[in-house]
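Chemist: The structure that follows is given in the form of structure tokens.
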Amino acid sequence: MRTLRLTLAYDGMGFDGWQVQPNRRTVQQTVQQALHRITGKEITVIASGRTDAGVHALGQVVGFRTASTLTCDVMMQALNAHLPQDVVVLSVMEAEDGFHPIRDAERKTYRYVIRDGQLPNLFCRGYCWHVSQRLNVQAMQSAAQRLLGTHDFSSFESAGSKRVTSIRTIFESTVRREQSRGVGEEFEGDQVVYEVTADGFLYNMVRAIVGTLYDVGRGAVAPEHMEFVLQACDRKSASMTAPPLGLFLVNVKYPTHGS
């Protein structure tokens, strides 16, 4: 038996999240079905983390064990031939025995995209959160910087997936404004992008942070409010959970020896 490591990209709009669920279309089930068609075996794949319905991935990492002798290149070609158009295998590589996508992950990076302005981008509506009010990016950046370091992030954790500890370390937390082009000039404009890298994330943590940053950006609370939310360790102190459609899992980093 060998262990293979896949890097996947997928469009979350057509999926009810990552994890297999009865009578639901999920990414995990879709990948496992493709592997079954290729190998004739029932194979369980494990991802670096479960993404919710509507959440996208640019670099999800998946591991599985198999007796298949197909080379990594052939396995990648075969998977992409059997997967639907909203899932793409970006790479396949050999992994060390015992490789575990969740336990071995050192850092994860997420990105959240907000389109702020009067006119929504019709052709990007599944990939950003549209808000009509122009947001103050400088204030949002000031608030985002207050999340850096090791903290108890329980104020940003939704109920439903309790972890052993709610303490996490955020290494990067930035808000920027960038240009966004639409299909026609009517949809050209700019957007607000939040990017965060940490050693791990709690359930809905990024979306809860974005909801709070949104309140800062629209002037409902000051940037200093982020410190209060952190110290409160109470989900009620933070703002709404932002919608899933603007969230992307960008990449997952592992120790060099695990590559």
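Chemist: Expressed as an acute angle from 0 to 90° and rounded to the nearest 10, what is the orientation of the C-alpha long axis of helix 72-82 relative to the principal long axis of the chain?
Modeler: 70
Chemist: In addition: Tell me, what HN-Hα J-couplings in whole Hz come from the Karplus equation 6.51 cos²θ - 1.76 cosθ + 1.60 at θ = phi - 60° for each residue of region 244-256, using x for Gly and Pro?
Modeler: x, 5, x, 9, 10, 7, 7, 6, 10, 9, 10, x, 4
Chemist: Another question about this same structure. Can you sort LYS41, LYS108, LYS253 by how many other beta carbons sit within 10 Å, fewest first?
Modeler: Working: LYS41 10, LYS108 22, LYS253 17.
Starting with the residue having the fewest Cβ neighbours, the order is LYS41, LYS253, LYS108.
Chemist: Okay, helix-only estimate at 222 nm for the chain: each DSSP H run of n ≥ 4 adds -39500 (n - 2.57), divide by all residues, round to 500 deg cm²/dmol; what do you get? All intermediate terms of the calculation are to be shown ahead of the outcome.
Modeler: Details: 5 runs with 54 residues, N = 259.
So the helix-based figure for the chain works out to -6500 deg cm²/dmol.
Chemist: Further question on the same structure: Note the angle between two axes, namely the Cα long axis of helix 27-39 and the longest principal axis of the Cα atoms of the chain, as a number of degrees from 0 to 90, rounded to the nearest 10.
Modeler: 20
Chemist: Can you tell me the length gained on complete extension of the stretch MET93 to ALA81, counting 0.36 nm per residue apart and subtracting the Cα distance? All intermediate terms of the calculation are to be shown ahead of the outcome.
Modeler: Details: separation 12, 0.36 × 12 = 4.32 nm, distance 1.76 nm.
Gain on extension, MET93 to ALA81, equals 2.6 nm.
Chemist: Counting just the Cα atoms, what span does region 107-253 cover along each of its three principal axes? Round to the nearest Å and put the largest first.
Modeler: In descending order, the Cα extents are 48, 32, 25 Å.
Chemist: Continuing with this model, one more query. Averaging over every viewing direction, what projected area does the convex hull of the Cα atoms of the chain cover, in nm²?
Modeler: Working: hull surface 58.5 nm².
Reported value for the Cα convex hull: 14.6 nm².
Chemist: Can you compute log10 of I(q)/I(0) for region 2-96 with the Debye formula, treating each Cα as one identical point scatterer, at q = 0.12, 0.14, 0.16, 0.24 Å⁻¹?
Modeler: Rounded to two decimals, the profile gives -0.32, -0.44, -0.58, -1.35.
Laboratory data are not the source of any read-out in this text; all were calculated from the coordinates shown. What you see is a predicted model, and the numbers here were worked out from it, not measured in a lab. Note: ideal-geometry Cβ built from the backbone for every residue, glycine included; neighbour counts use all protein chains shown.
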